[in-house]
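Below is one structure, written out as structure tokens, with a few remarks after it.
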Amino acid sequence: MIRLAILASGSGSNAENIVKYFSHSDAVEVAAIISNKADAYVLERAKYLRVPSYVMSRADMVGTDKLLNLLRELKTDWVILAGFLVLLPESIVNEYDGKILNIHPSLLPKFGGKGMYGDKVHEAVVAAHEKESGITIHTIDTNYDQGTTVFQAKIRVEPLDNAEKVAQKVHALEYKFYPKVIEDMILGRDFERVVAVEPIGKD
Ligand code: GRF
């Protein structure tokens, strides 16, 4: 079995979706959910999903080898970031070179970078009168939301859409595509790299 560790800082709806997706897989399993926030709802989800969970402070994650050691102990093959707000240290990025995936709720390089997370992304998209938004799945390096894009999916932003509406559409893309792209990447399958789910206007 190929073992995943999911790192999440918040609600964890993507983490739950990924756990459920792989629960019947005979090739991939979620070995653990790791959070930097002791009160993150993702830890409740880990309990009812019966996935082992671990909490470690941001300081321990970035300033010590504790996280790297935990990933090694868990025999982690791939690291999956799902709403994880800590910039991983170089030691981990190097050890899991090309095997750390992140999802960002915009079409990077637009609306990415430090401080651009959660609703802030969707608010910025609406404020900029963007005609489309979407998700980017990418491998990570030591900068926020950089690395190599492996997949993007787009939705149309309608003139009357508010940030909440855009968030809703983008979340739907995340649930639909993240587990599948993770699986395709891990198994080395070919897959379509850019998908327009709703028709995107020419203007
Ligand atoms: C998602 O929008 C993801 O793209 C971003 O953080 C959010 C996490 O949501 N990186 P959840 O915790 O999975 O519900």
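FYI, it's all coordinate maths here, none of it is from the lab. Computed from a predicted structure; not experimentally measured. Because the Cβ atoms are built from the backbone with ideal geometry, glycine has one as well, and the counts that use them run over all protein chains shown.
Using 0.36 nm times the number of residues separating Ala172 and Ala38, minus their current alpha carbon distance, what extension gain do you get? Contour length minus Cα-Cα distance gives 45.6 nm. The trypsin sites (Lys or Arg not before Pro) found in the range 58-115 that occupy coil by DSSP, while having at most 13 further C-beta atoms within 10 Å, are Lys75, Lys114. If the segment from Lys20 to Glu192 were pulled out straight at 0.36 nm per residue, it would be longer than the present Cα-Cα gap by 59.6 nm. Within the same chain, lysines fewer than 8 places from Lys99 are excluded, and of the rest, those with a Cα less than 22 Å from its Cα are Lys20, Lys66, Lys75, Lys114, Lys176, Lys180. Annotation for the range 18-93 versus the range 146-184: alpha-carbon center distance of 22 Å.
Calculation over all alpha carbon pairs of the chain in 10 angstrom steps from 0 returns a P(r) of 9, 36, 37, 15, 3, 0 percent. Listing Arg50, Arg3 from fewest to most neighbouring C-beta atoms within 10 Å gives Arg50, Arg3. Length gained on full extension, Val55 to Lys165, computed as 0.36 nm times the residue gap minus the Cα-Cα distance: 36.4 nm. For the chain, hydrophobic long helices are taken as DSSP H runs at least 24 Å long by C-alpha position along their axis with mean Kyte-Doolittle hydropathy of 0.0 or more; none is present.
In the chain, the DSSP beta bridges split such that about 35 percent are antiparallel, to the nearest 5.
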